[in-house]
Amino acid sequence: MLFQHFITSLPFKQWCFHDQENKRLLWFSFAVMIISFGWLKYLYPFPNFMPPDSHSYLNAAQENDFINIWPIGYSKFLRLVSVFTTSHLILVILQYFLLMASILYFLSTIRYLLSPSKWLFRIVCLLSIGNPLLPHIANFVSSDCLFVTLSLIWFTQLCWLLCQPTLNLILIHAIIVLLSFMVRFTAIWYPVISIGIIVFTHLPNKIKWLGVGCITCYILAFIGRTQYEYKIRTNTIQYAAFGGWQIAANALYGYANARPIDPENVPHPFRMLHSLVNHHMDSLSKLTVRPDEEIGVYYQWDFSSPLRVYNKEQWKNDKNTPFFIQWASMAPFYASYGRWLITKYPWPFIRHYVWPNLIRYYVPPSYFMGRYNIGNRNVDAIVVSWFKWQNDQLPTRTKDRNIRTMDIFPNLLAIINPVFLLCSLIFIGSAGLKKCNPTSKRVITCMLLIWFTNTIFSILSAPIELRYQIFPIAVTLPFGSFLFSWIIQSLKTVSKSKESQSIHIPEPVIKTN
């Protein structure tokens, strides 16, 4: 039965290259990858851009900055690639190759550790490798693809740390944690999980503390270097300016539906901003269709947002300071204001931000992934300069710039996520973990821990959309299939057991004289 036996006694590397089923799946995967990626590039010969994210990444790469609106990791990746080539096609191919390599590493690991049946794993492999989200996310000039790649490697290494930990694995894992941390703010909880798992590994304490020390030193060194750069350029000490704006924006969705607070009852540093916020909320209440009816980027990026208006007001007499410096300088103040609003009105925040975002987690809108270059037919000057194009045109072989394939995923995930959650609860409630072998128990526990942690963090941190959910989707598909299969097998076992008990064979009657 699934999760109760091991697939082989061979070491993983030896098994990967000698197992015939692995060879078949590898060649099959290559064929699917070539077909899906070839079809994508036939329809969209050029990358997909996501203003303003893509432009910001390229600008930071061109200037070789250490801080930016978004984490600097992807900009450094772009700069590294540019050392060898400025070809947009090679960039996308490299992103796709790295992503699919991480998928294959992940799939091979869970097959080796969990030993699913041959046909079950073949179906899982087809669903994972043929997932149309993967080539589309690789076609973006954004950090999403690289972050999914690093997250899959991070998760796969956690499985190995739980089952077969080694010193080399821990040292490599520390680097993966750092790279993930550099690429996306979402990885802020990755070091906590990694350190916790390393502490519980069956290794000598010296090796454990070496691993914990490496992760801690790498992260603190990067944070310190980032804070130093913010101090030099903005005279503020912070790690992520984007986070400060995000906290304030999230808080305003709750406050917009709460009883207004008089500015006189607000801490003195926030009074001017709060007066502006109250005036803005009063104006919105008179509109038939409010721009903040749906959580999104309104309060963070719209020029009419009180946060943007206040920011502009604070710098109205300064025409020389670049926008990024102005924007980043306001982040610590906005973070404090946002936290204050949330503590004053926790219930409106939960009702009007957390709850809608929970729904979006299970039905994530496609947004950027659903429309090629968000419908634009040309690109910004930084794109032309970086890739050395002759013009700013972005042609396609389709007249419709909507990516219709993405339309199915919100509804599909509305089924997959609840089914996975239900299967997980049934599995845990049926004492499934107790029935597993030790290796499967560790891997499944790790997966459930990461899935639920990612869910909670995603819901609380920022408005969710489809491109943010590719990592959990890539993990949910295989494990959801395995758990569903386990439940079906368990039901069949129970059914056979009842049938055998219901068949009564009468004992022979022995007559005695």
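The values are calculated or read from the model by the stated rules, or taken from the named source; none is laboratory data. In this text, all values refer to a predicted model and were calculated from it rather than measured experimentally. Glycine gets a Cβ as well: all are built from the backbone with ideal geometry, and neighbour counts include every protein chain shown.
Counting just the residues of region 20-43 that are over 30 Å from Thr8 (Cα atoms) and of a type in the set (Phe, Trp, Tyr), which one comes out nearest to the chain's Cα centre (by Cα)?
Restricting to residues being over 30 Å from Thr8 (Cα atoms) and of a type in the set (Phe, Trp, Tyr), the top hit is Phe37.
Can you pull out the residues in region 415-453 that are out of contact with any Phe, Trp or Tyr (no Cβ under 6 Å at 6 or more places or on another chain), in a helix (DSSP H, G or I) and among the small types (Gly, Ala, Ser)?
Ser424, Gly429, Gly432 - these are the residues of region 415-453 that are out of contact with any Phe, Trp or Tyr (no Cβ under 6 Å at 6 or more places or on another chain), in a helix (DSSP H, G or I) and among the small types (Gly, Ala, Ser).
Keeping to region 66-91, report how many residues are in contact with a helix residue (DSSP H, G or I) (Cβ under 6 Å, 6 or more places away or on another chain) and farther than 30 Å from Ser329 by Cβ.
4
Can you find a residue in region 7-19 that is surrounded by fewer than 14 Cβ atoms within 10 Å (Cβ to Cβ), of a type in the set (Ser, Thr, Tyr) and either in a helix (DSSP H, G or I) or touching a residue at least 12 places away in the same chain (Cβ under 8 Å) (or both)?
yes
Here's a check for you: in region 243-255, which residue that is among the small types (Gly, Ala, Ser) and either touching a Pro at 6+ places or on another chain (Cβ under 8 Å) or surrounded by fewer than 21 Cβ atoms within 10 Å (Cβ to Cβ) (or both) is farthest from Gln300 (Cα to Cα)?
Gly254
This table checks each residue for (1) at pLDDT below 95; (2) surrounded by 15 or more Cβ atoms within 10 Å (Cβ to Cβ); (3) in contact with a His (Cβ under 6 Å, 6 or more places away or on another chain); (4) over 22 Å from Ser128 (Cα atoms).
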site: Ile416; (1), (2), (3), (4): yes, yes, no, no
site: Leu421; (1), (2), (3), (4): yes, yes, no, no
site: Gly429; (1), (2), (3), (4): yes, no, no, yes
site: Leu433; (1), (2), (3), (4): yes, yes, no, yes
site: Pro438; (1), (2), (3), (4): yes, no, no, yes
site: Lys441; (1), (2), (3), (4): yes, yes, no, yes
site: Ser461; (1), (2), (3), (4): yes, yes, no, yes
site: Gln469; (1), (2), (3), (4): yes, yes, no, no
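On the basis of being touching a residue at least 40 places away in the same chain (Cβ under 8 Å), surrounded by 14 or more Cβ atoms within 10 Å (Cβ to Cβ), among the polar types (S, T, N, Q) and out of contact with any Cys (no Cβ under 6 Å at 6 or more places or on another chain), does Ser56 make the cut?
no
Taking region 197-238 as the search range and keeping residues that are assigned to a loop (DSSP other than H, G, I, E, B) and touching a Phe, Trp or Tyr at 6+ places or on another chain (Cβ under 8 Å), which one is surrounded by the most Cβ atoms within 10 Å (Cβ to Cβ)?
By that ranking, first place goes to Gln238.
Filter region 487-504 for residues that are under 21 Å from Leu422 (Cα atoms) and β-branched (Val, Ile, Thr); which is modelled with the lowest pLDDT?
Once the filter is applied, the top-ranked residue is Val494.
When you scan region 314-322, do you find a residue that is at pLDDT 95 or above and either more than 30 Å from Ile403 (Cα to Cα) or surrounded by fewer than 14 Cβ atoms within 10 Å (Cβ to Cβ) (or both), even just one?
No.
Here is a check on your reading of the model: is Val443 touching a Cys at 6+ places or on another chain (Cβ under 6 Å), in contact (Cβ under 8 Å) with a residue 40 or more places away in the chain and aliphatic (A, V, I, L, M)?
Against the criterion (touching a Cys at 6+ places or on another chain (Cβ under 6 Å), in contact (Cβ under 8 Å) with a residue 40 or more places away in the chain and aliphatic (A, V, I, L, M)), Val443 qualifies.
Hey, could you check region 267-281 for residues that are more than 35 Å from the chain's Cα centre (by Cα) and under 17 Å from Arg308 (Cα atoms) and say which is surrounded by the fewest Cβ atoms within 10 Å (Cβ to Cβ)?
Here the answer is His279.
Hey, can you tell me all the residues within region 295-313 that are in a helix (DSSP H, G or I) and either touching a strand residue (DSSP E or B) at 6+ places or on another chain (Cβ under 9 Å) or surrounded by 15 or more Cβ atoms within 10 Å (Cβ to Cβ) (or both)?
Tyr298, Tyr299, Gln300, Pro306, Leu307, Arg308, Val309, Tyr310, Asn311
Restrict the check to region 279-294 and report whether at least one residue is out of contact with any Phe, Trp or Tyr (no Cβ under 9 Å at 6 or more places or on another chain), within 28 Å of Phe324 (Cβ to Cβ) and assigned to a loop (DSSP other than H, G, I, E, B).
yes
Within region 462-491, track down each residue that is hydroxyl-bearing (Ser, Thr, Tyr) and in contact with a Ser or Thr (Cβ under 7 Å, 6 or more places away or on another chain).
Hits for region 462-491 are Tyr468, Ser490.
Results for (1) touching a residue at least 60 places away in the same chain (Cβ under 8 Å); (2) within 16 Å of the chain's Cα centre (by Cα), shown as yes or no for each residue.
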site	(1), (2)
Ile137	yes, yes
Phe147	yes, yes
Phe185	yes, yes
Pro191	no, yes
Ile198	no, no
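Residue by residue, here is whether (1) surrounded by fewer than 18 Cβ atoms within 10 Å (Cβ to Cβ); (2) free of Cβ contacts under 8 Å to residues at least 40 places away in the same chain; (3) under 30 Å from Glu63 (Cβ atoms); (4) touching a Gly at 6+ places or on another chain (Cβ under 7 Å) holds:
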| residue | (1), (2), (3), (4) |
| --- | --- |
| Tyr334 | no, no, yes, yes |
| Phe349 | no, no, no, yes |
| Arg371 | yes, yes, yes, no |
| Ile374 | yes, no, yes, no |
| Arg377 | yes, yes, yes, no |
| Asp380 | yes, no, yes, no |
| Val383 | no, no, yes, no |
| Arg397 | yes, no, no, no |
| Ile408 | yes, yes, no, no |
